[in-house]
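What follows is a short report on a single structure.
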Amino acid sequence: MAKELYPLGEMPPLGEVPEKMHAWLIRAERFGKPTEAFQQEVVGVPAIADDEVLVYVMAAGINYNNVWAGLGIPVNVIAARNKAGEKEDFHIGGSDASGIVYKVGKDVTNVKVGDEVVMHCGQWNRNCEWVKKGGDPMYSPSFRIWGYETNWGSFAQFAKVQAQQCMPKPKHMNWEEAASYVLVAATAWRMLHGWGANSVKKGDVALIWGGAGGLGSMAIQIAKAAGATPVAMVSGNDKFDYCMKLGAKGCINRNDFDHWGMLPHWKDNVGYAKWLKGVRGFGAKIWEVLGEKRAPNIVFEHPGETTIPTSIFVCETGGMVVVCAGTTGYNATVDLRYLWMRQKRLQGSHFANGEQSNQMNELALRGQLDPCMSRVFTYEDLPLAHQLMHDNKHPHGNMAVLIGATEFGLGVSGKPAVAIEHPTLPENDVRTIAYAHPYPMSQPLPSVADAAGVTIKDDGTKVRDLMHRGIISCTPDDTVGEAARIMIDHEIHAVVVMDGDQAVGVVSQTDMVLARQGRTPNEARAMQVRDIMTLGCATCAADMLLSEAVSLMTGRHMHRLVVTENGKPVGVISMTDVVRKVIVE
Ligand code: NAP
């Protein structure tokens with residue numbers, strides 16, 4: 001007779017689904033660090049819908065998303081689901097897995113009980129109109145990441161998945177290896193193969209950021225398999241060998257360069273020239289590594305803020321920078337001249353649809369994709385694996401945890417068609433990235449519709465309550481020397497440029513300092529204000545709310561606005577005035 005609950009490690013007879021199961025649960029009352037948020041509990045095995053499958057989990061992959069689920073930030077995933085009508089007051093995470101099919105819904109045709117499978121983590125509603133019309137499910141409003149945005153992930157004896165998520169398990173991989181690669185590899189596949197004419201092809205050069213990381217190690221192998229030439233970026237020469245064994249033609253140590261970060265202002269001719277020198281040196285290094293003067297046709301991006309300017313600059317004319325994360329920051333700066341004149345593409349990409357996941361998995365099934373698993377943990381150590389990630393102390397590569405598998409290394413049942421070397425990462429490698437929050441699809445980016453629900457606290461202060469009346473100004477024909485004198489005499493940081501009674505621009509201290517760069521003092525003084533001023537003058541009405549004026553300034557990276565009454569300039573409001581009011585007072 002079927003048992004109500006099987007102890008961990010004791011596999012129920014094939015196809016026999018017990019009433020209850022062991023699982024690692026996150027509950028809202030213990031949101032916090034992973035070692036506290038995850039607790040072992042016994043819960044009911046979930047019922048499945050007609051298009052769903054119940055998988056007995058052998059091993060689960062570890063991803064950062066369940067560190068965030070445990071912390072309850074940036075989204076309380078349990079509350080989000082309760083709001084959407086689901087009743088469970090807990091979260092069972094896990095977005096990667098290997099296992100055995102134990103039960104199938106009545107509409108399921110692609111898998112049967114007993115099949116050994118791995119799962120991709122893309123879920124969507126099969127009745128979504130967009131999907132029914134043949135649209136990419138990645139654009140469906142119903143798209144969710146299984147085991148993060150949905151419940152019943154792989155950190156339990158049984159996982160509930162949609163049948164379309166199931167793909168054959170590579171026979172040559174053990175359970176934990178098979179559980180570790182799908183999320184990163186499918187993401188890398190869509191990035192490289194999902195973008196039409198810019199997708200990677202034979203003969204292309206592909207620049208891969210973080211070549212020894214989870215995504216990068218997959219990207220090197222996928223690009224290589226497509227007949228492209230991968231060049232890997234890493235932060236130490238000790239990772240070169242690893243990336244070369246994965247298929248990189250050559251590697252570049254990013255620490256040999258120092259031009260990273262947001263772009264200097266295009267008016268900053270000295271700063272910009274320095275940046276250009278750095279980025280050109282970096283481009284020359286790519287030529288050196290390739291042994292020919294070629295630029296990357298595709299740049300595989302995820303660091304974001306610190307690397308995007310370089311990625312766009314070095315990308316070949318008509319090429320593509322494809323990005324799936326902003327781990328170092330979200331404000332990527334782009335010199336649009338390179339983007340439009342050389343007709344490059346900056347493409348966002350997120351996970352992968354079922355077709356792309358399966359295409360990627362074909363590569364794994366043939367043996368052409370090493371899962372790059374770096375560390376595997378026992379069931380009891382699941383919170384520890386997440387804690388290491390939380391503390392940024394986890395090894396590079398992909399990690400997994402045993403669930404139903406009783407020992408490490410089990411589950412191999414065949415040989416791959418193509419045998420590849422299994423490279424290992426250097427020991428003692430330290431991480432440099434503390435992860436930025438993932439952006440779950442169920443928490444849509446602010447849109448027009450959402451704005452209606454936002455409440456803003458405001459004390460009603462108006463610009464006129466804080467502004468300085470009167471305008472200290474110069475004309476466009478004044479010399480820079482004259483304008484500088486006005487600035488110094490009045491102890492102000494910028495002078496409004498007036499043409500008659502119209503404010504036509506502003507000349508700031510920064511404009512003057514930039515004008516002086518590369519010129520003698522006399523040359524700079526003799527220039528006319530019109531040559532260096534920032535054209536146009538950001539204005540606000542005196543009766544505008546102070547909070548709105550602040551948004552105007554921060555949005556445009558400005559420190560002051562000219563205040564108008566009846567369309568005529570009457571004063572200035574500056575960030576200094578605001579700081580005095582909101583901080584000092
Ligand atoms: P990972 O294994 O930690 O690798 C990240 C790599 O970035 C590291 O190997 C590191 O290599 C490199 N790196 C660190 N600091 C850098 C810097 N300042 N400049 C350039 N490179 C730097 O992480 P991963 O699994 O590859 O994931 C990378 C990002 O993609 C994460 O933010 C993750 O959340 C996101 N992601 C998004 C999706 C999606 O569907 N949108 C899917 C998976 C992952 P070196 O130090 O050797 O350079």
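For N82, what charge total do you get from the other residues with a beta carbon under 11 Å from its beta carbon, if Lys and Arg give +1 and Asp and Glu give -1? Kindly include the intermediate steps, with their values, before the conclusion.
Numbers: positive: R81, K83, K87; negative: E86, E88, D89.
So the environment of N82 carries a net charge of 0.
Taking label positions 7 Å along the Cα-Cβ direction at both W130 and K393, the computed distance is 4.2 nm, reported to one decimal.
What's the ranking of 30-42, 380-392 by average number of surrounding C-beta atoms within 10 Å, highest first?
Details: 30-42: 16.5, 380-392: 19.0.
Ranking the peptides 30-42, 380-392 by packing returns 380-392, 30-42.
On full extension, the segment bounded by V412 and M558 gains 46.4 nm, given 0.36 nm per residue less the C-alpha separation. Between the helical axis of 214-225 and the longest alpha-carbon principal axis of the chain there is an angle of about 80 degrees. Taking a point 7 Å from the Cα of V579 along the Cα-to-Cβ direction, the residues of the stretch 497-518 with backbone N closer than 16 Å to it are 509-510. Computed with a 1.4 Å probe over protein heavy atoms only, the accessible surface of the chain comes to 46 Å² per residue. Considering the stretch 333-404 at the alpha-carbon level, its Rg and Dmax are found to be 18.9, 56 Å. Shape analysis of the stretch 71-159 places it in the oblate category; the axes a ≥ b ≥ c from the Cα gyration tensor give an a/c of at least 1.5, with a/b not above b/c.
Provide the gained length on full extension for the span W195 to I472, in nm with one decimal, where the gain is 0.36 nm per separating residue minus the Cα-Cα distance.
Details: separation 277, 0.36 × 277 = 99.72 nm, distance 5.32 nm.
Extending this stretch completely gives an extra 94.4 nm.
Could you please state how large a percent of the accessible area of the chain is carbon and sulfur, counting protein chains only and using a 1.4 Å probe? Heavy-atom surface of the chain belonging to carbon and sulfur, 1.4 Å probe: 53 percent. Annotation for T479 and K20: the two label points, set 7 Å from Cα along the Cα-Cβ direction, are 9.0 nm apart. Among the listed pairs K112/K415; K20/K103; K202/K249; K239/K344; K3/K106; K103/K160, which have their C-alpha atoms separated by more than 18 angstrom in this model? Table pairs above 18 Å Cα-Cα are K112/K415; K239/K344; K3/K106.
Quick check: from the Cα gyration tensor, does the stretch 155-245 come out rounded (a/c under 1.5), prolate or oblate? Oblate, since a/c reaches 1.5 and b/c is not below a/b.
Rounded to two decimals, what is the ratio between the C-alpha radius of gyration of the chain and 2.2 N^0.38 Å? Walk me through the numbers before you get to the answer.
Working: Rg = 28.6 Å, N = 585, 2.2 N^0.38 = 24.8 Å.
So the chain has a normalised radius of gyration of 1.15.
Normalising by the residue count of the stretch 186-345, find the relative contact order in percent from Cα pairs under 8 Å and 6+ residues apart. Once divided by the residue count of the stretch 186-345, the mean separation gives 21 percent.
Mind ranking 310-323, 166-179 by how tightly packed they are, going by the mean number of other C-beta atoms within 10 angstrom, highest first? Numbers along the way, then the final one.
Numbers: 310-323: 22.5, 166-179: 25.1.
Most protected by this proxy first, the peptides run 166-179, 310-323.
What is the log10 of I(q)/I(0) for the stretch 458-585, computed with the Debye formula using one identical point scatterer on each Cα and no solvent, at q = 0.21 Å⁻¹? So the normalised log intensities are -1.18.
Residues of the stretch 468-495 with an amide N closer than 17 Å to a point placed 7 Å from the Cα of R530 along the Cα-to-Cβ direction: 474-483. Taking a ≥ b ≥ c as the square roots of the eigenvalues of the Cα gyration tensor, the stretch 15-167 is oblate, since a/c reaches 1.5 or more and a/b is not larger than b/c.
Between D268 and D50, the simple spin-label model (points 7 angstrom out along Cα→Cβ) gives 6.1 nm. When the helices of the chain are scored as -39500 (n - 2.57) per DSSP H run of n ≥ 4 and the total is divided over every residue, the value at 222 nm lands at -7500 deg cm²/dmol.
What per residue convex hull volume, in Å³, do the alpha-carbon atoms of the stretch 252-309 yield? Could you put the intermediate results ahead of the total?
Values: hull volume 5.3 nm³, N = 58.
So the per-residue hull volume is 91 Å³.
Taking 11 Å as the cut-off, the amide N atoms of the stretch 502-525 that come nearer than this to a point 7 Å along the Cα-to-beta-carbon line of H490 belong to 507. The mean sequence distance of close C-alpha pairs (under 8 Å, at least 6 residues apart), as a share of the length of the stretch 202-246, puts its relative contact order at 44 percent.
The values are calculated or read from the model by the stated rules, or taken from the named source; none is laboratory data. In this text, all values refer to a predicted model and were calculated from it rather than measured experimentally. Using ideal geometry, Cβ is built from the backbone for each residue, glycine included, and neighbour counts are taken over all protein chains shown. Only protein heavy atoms, including side chains, enter the accessible area calculation; ligands, DNA and RNA are left aside. Shrake-Rupley method; radii C 1.70, N 1.55, O 1.52, S 1.80 Å.
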